[in-house]
Amino acid sequence: MSPKSRGRPPGRGRQRPPAAGRRPAGKLQQAGTISRWAAEEDSDCWFDDPLPGDRRSWAVPLGHGSYKDLDLELLDRDDEAERGFLLEAQHLDMAEALERHEEMTGADGEPFNPTLHVTLHQVIANQILADDPPETWQTVQRLAGLGYDWHNVMHLIMGPATEAVWNALAQKRPFDRADYLRRLDELPGDWPAPEELDPPGS
């Protein structure tokens with residue numbers, strides 16, 4: 001996975017669905033340089049917005065409903081495997097590609113690996129929960145304070161995480177912690193401001 005594909009595709013904010021208990025159908029949306037995705041069909045699961053300052057709810061927001069016939073409310077966010085399943089459930093638009101282990105194409109025409117994408121979400125969640133490095137959680141709080149929603153915060157941080165993994169693998173060198181922290185500090189960089197992004201469900 002090249003650094004060009006970092007942070008793609010950001011998802012919509014996680015909010016409780018309409019009264020009927022199902023989220024309305026969505027569509028691919030564009031917001032500046034960020035592709036915003038939503039499931040193309042109704043889903044039976046949704047996620048709470050994270051609570052301000054609550055590390056656990058930012059790592060993995062609380063899930064409701066079912067995904068692959070499992071009740072999300074019964075899953076343990078402190079269990080790494082179940083945490084990964086919850087993060088996968090946040091990407092309903094990737095479900096088929098994840099099941100088939102296939103690549104997908106973003107709105108910009110660039111291919112990306114959805115399995116790696118969800119794995120990077122889990123890497124960031126693990127960093128937040130372990131407070132290692134503490135700067136990841138500090139960055140989450142700073143970006144949330146600027147008004148970015150959960151998925152955009154995760155995708156912003158995914159950029160430096162992907163760069164760090166790519167550089168370590170491509171150049172066969174250890175993880176460069178100082179460079180990773182520097183990239184975190186530079187966020188949000190050239191990403192659109194929160195008010196320039198399409199609101200969830202629009």
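General remarks:
- Enumeration of residues in region 90-146 that are among the polar types (S, T, N, Q) and within 24 Å of Trp58 (Cα to Cα): Gln90, Asn113, Thr115, Thr119, Gln122, Asn126, Gln127, Thr136, Gln138, Thr139, Gln141
- Search result, residues across region 193-202 that are on the phi < 0 side of the Ramachandran plot and either small (Gly, Ala, Ser) or part of a loop (DSSP other than H, G, I, E, B) (or both): Ala193, Leu197, Asp198, Pro199, Pro200, Ser202
- Given (1) closer than 23 Å to Ser57 by Cα; (2) at pLDDT below 95; (3) among the aliphatic types (A, V, I, L, M), number of the condition Ala168 does not satisfy: (1)
- Condition broken by Thr105, with the remaining ones in (1) more than 21 Å from Asp49 (Cα to Cα); (2) under 12 Å from the mean Cα position of the chain (by Cα); (3) among the polar types (S, T, N, Q) satisfied: (2)
- Selection within region 171-187: residues that are over 25 Å from Val60 (Cβ atoms) and basic (Lys, Arg). The member of this set that is surrounded by the fewest Cβ atoms within 10 Å (Cβ to Cβ) is Lys172.
- Considering region 90-152, the qualifying helices (runs of 4 or more DSSP H), each wholly inside and each with 2 or more residues that are surrounded by 15 or more Cβ atoms within 10 Å (Cβ to Cβ) and in contact (Cβ under 8 Å) with a residue 24 or more places away in the chain, run over 114-130, 134-146.
- Complete set of residues in region 162-192 that are hydrophobic (A, V, I, L, M, F, W, C) and either farther than 18 Å from Leu116 by Cα or outside any helix (DSSP H, G or I) (or both): Phe175, Ala178, Leu181, Leu184, Leu187, Trp191
- A residue that is surrounded by 13 or more Cβ atoms within 10 Å (Cβ to Cβ), touching an Asp or Glu at 6+ places or on another chain (Cβ under 6 Å) and modelled with pLDDT of 95 or more occurs nowhere in region 20-39.
The values are calculated or read from the model by the stated rules, or taken from the named source; none is laboratory data. Just so it is clear, the structure is predicted and the values come from calculations on it, not from any experiment. Every residue, glycine as well, gets a Cβ built from its backbone with ideal geometry; the counts of neighbours run over all protein chains shown.
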